[in-house]
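Taken together, the values in this text are just the output of simple stated rules run on the coordinates, not laboratory data. This structure is a prediction, so every number in the text was calculated from the model and none was measured. With ideal geometry, Cβ positions are generated from the backbone for all residues, glycine too; neighbour counts draw on all protein chains shown.
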Amino acid sequence: MSTQVLAADSSVALLTLGISLYSIAILVCLGIAINAARFGRRRLAITMGWVVGVLTVAGVIVAILSSVHGG
């Protein structure tokens, strides 16, 4: 009896990596925004808030499009 290891689909691995990097980007920008607001760097806090908002909306749009187009 032999043991066979099946390789995972590379597209699934890339999707997982992409989602991880996307969430890390949102969390880093959110952390920078909170830190900047705490120390009175208003312009940086507002900019990072906008970046978080844009990334969040883009993620929702991509999720809707991927569910509508099935793939």
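Observations on the structure shown:
- Most tightly packed first, judged by the mean number of other beta-carbon atoms within 10 Å of their residues, the peptides 59-66, 34-41, 45-52 read 45-52, 34-41, 59-66.
- Quotient of C-alpha Rg and 2.2 N^0.38 Å, computed over region 10-69: 1.36
- Separation in nanometres of the label points that stand 7 Å from Cα toward Cβ, at S67 and I46: 3.4
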